[in-house]
1. Given the peptides 167-178, 351-362, arrange them by the average over their residues of other C-beta atoms within 10 Å, most packed first.
2. Determine the gain in length on full extension of the stretch Glu139-Ile504; use 0.36 nm per residue of separation and subtract their C-alpha separation, reporting nm with one decimal.
3. At a 1.4 Å probe radius, carbon and sulfur cover how many percent of the accessible area of segment 154-217?
4. Leaving out ligands and nucleic acids, note down the accessible area per residue over segment 476-633 with a 1.4 angstrom probe, in whole Å².
5. Taking H placed 1.01 Å from N in the peptide plane, check which residues at least 5 places from Asp116 or on another chain put their amide H under 5 Å from its amide H.
6. Listed highest first by mean packing, meaning other Cβ atoms within 10 Å per residue, what order do 463-471, 303-311 come in?
7. Any idea of the accessible area per residue across segment 172-245, 1.4 Å probe, to the nearest Å²?
8. So I have (i) 400; (ii) 155; (iii) 489, and one of them is volume of the Cα convex hull per residue in Å³ calculated from this model. Which one is it?
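The values are calculated or read from the model by the stated rules, or taken from the named source; none is laboratory data. Just so you know, these numbers come straight off a predicted model, no measurement behind them. Don't worry about glycine lacking a Cβ; one is built from the backbone with ideal geometry, like all the others, and counts go over all protein chains shown. The accessibility values were calculated without ligands, DNA or RNA, using every heavy atom of the protein model including side chains. Shrake-Rupley method; radii C 1.70, N 1.55, O 1.52, S 1.80 Å.
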Amino acid sequence: MHASFRAVSRAALCALVLLSSATIARAAVPTPLPSATPLPTIVRVVTADRSNEPLADSVRSTYVITRAEIAKHGWTSIAQALASIPGAFVTRYGPGAGASITLRGATADETLVLLDGTPLRGMQLGAPDLSTVSTAGVERIEVVEGGGSTLFGSGAIGGVINIITAPRRQTRVDFTTGSFGTNDLRVDLPYLSIERYVAGNAYALPDGTSRMNADVERSTLRSDFSHRFGAVDARFNLGITSQHLGVPGNYGNYTPTSRQDTVDSYLHGRFAYRRAQSESIAQIAASTDSLAYTSCIGAGCQTVSRYAATSFNLRNVVHAAKADLLYGIDLSRGSSSIDNTPSGIAAPSVSQSALYVQEHWFSGKSNSYYLGVRGERDGTAGNSLSPSIGGRVALGGDTLLRANFATAFRAPTIFELYFPCPAAFPCSNPNLQPERARVADLTLSNDRVLGGTALTFFDTRASNLIVYSPPLFIPENVDQASLQGFTLTAKTRRLQGIGVNASITDLYRALDLTTNARIYGRGPVISSRLTLDYLSANPTLPGLRSWGITASTAGLRNDPTDEIYYDANGNPQPNPLFAQATAYTDLSAYVRFRIARRATITLRGENLGNERYAQVSGYPMPGRSFSVEFSTR
């Protein structure tokens, strides 16, 4: 690890020279004025240090997706929104067919997803399908990259995604219709958000065949209510999502009768008691998840997975003149079953209990340091101790250096351990061991270079990393693994309403250190995103309100020798090019007009270059598509 830190330090010094040079060169160029009406910015976040703090004070790498950005781009699912985050790569199995995320090379199961600070799914179920999580009622999404086990526990090796809801206080209606039979209706009422999403998702493939059984129907309801009881601020929120979709299978092995039904629900209560120098917060949560997968027609064709969880956490933040002290306790319990026989399979109930503490010191205007530790008992996975340390230092010339080091862990999920598959095609492994990782990152940033520039180097060393290797994709542990890369982000100040935002991520190392082979399923080596957009100085007046063009690029993700499928006789056949996870560039655009005081119309186009590719080998994506949105915003 010391050698890794030395390499990161050398690279950071080189980056600092480049940033300093750019600052000197820029001094001779007139600074463009920002637009007359800049977008409001999120100035406080709640996830990085598990307490309310200014975004600028966060030591950990934190990104925020606002409600305005979600509406601007027309993102209907959390998966679509997260694709805009530097260091993240969202993998889709096709429209309506599931999505997952890798964050700095960590898989979805190694990235903790929260809903209002509480795990979105039970710890035993693993990562949620982010394509099924609606953005209805979502105020913002906070993404903290890097090991987060000290504050949040198991599953936060790659980072933490916190979906923060807050239904609007006024009525609004949005309706979108588009290609492939897509229709989306959203209604925001005071304290209530409702969505109904339907898509046929049938489309032709270049070889003359068609991709069928990829339809989806989703209904989401979220409600939020706040009240003050004396000195205590209370908030209650609940939600339920029901989804019915087809499971089309991969190219050459289509499954025209496979279907999936899911019902997820939650109820949260949050109570905050604030004093002059401290704040105490208690959260109580209950959730249920049910998934029924039907693979054929007749008896014995359905597998039903159920999970129920309850959790309680209590934390206290004490503010001093130059320090913040955070300490708390997390308790949770979950029970699950997987049933494809009359008796079913009951996975062991898991009880999680943890204590954590973190001290954050402040020195001067820009310098701060933190030190934290967590002790956790995680069911049959055993005990773990997760320390973390980090700091932010001003280097002069508005350049900041942020550094973080932490240990992180995750326990195997019930699907990885117990999912029932035919003996001839095993798909689970009851002998899996918990993952352990050491996670480090180093960031150099300067908000005066262009409109803000940052360079982050990250390094993860893991033992017992759980991987899925082709062709069987049975989960297994890798003794030692290494993930390394960097992310570069830059944006310009708006000039006449026009701005540019760019990012590039290079995951140059994702190695099994035993075999020295690249680990499958960790995302592309290179991915980038470039956005050019315009915002009107007078968005309330009729006429053009905004437009934007985005180019998203992903490099090769698989070894070409793994691009195969098995025919009816069990013989391997090469995937056609359009079903391979090859490099691609996806070009999208939108333009929005205000047609009345409280009415807008937005035209959108996706994959305008009509590239045919697969984000996951064997699951071809559709070609060019269009949609139109009507809104009372």
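1. 351-362, 167-178
2. Gain on stretching Glu139 to Ile504: 128.8 nm.
3. With neighbouring chains kept in place, the figure for segment 154-217 is 60 percent.
4. 47
5. Answer set, sorted by chain and number: Ile163, Ile164, Thr165.
6. Going from most to least packed, we get 303-311, 463-471.
7. Accessible area per residue: 45 Å².
8. (ii)
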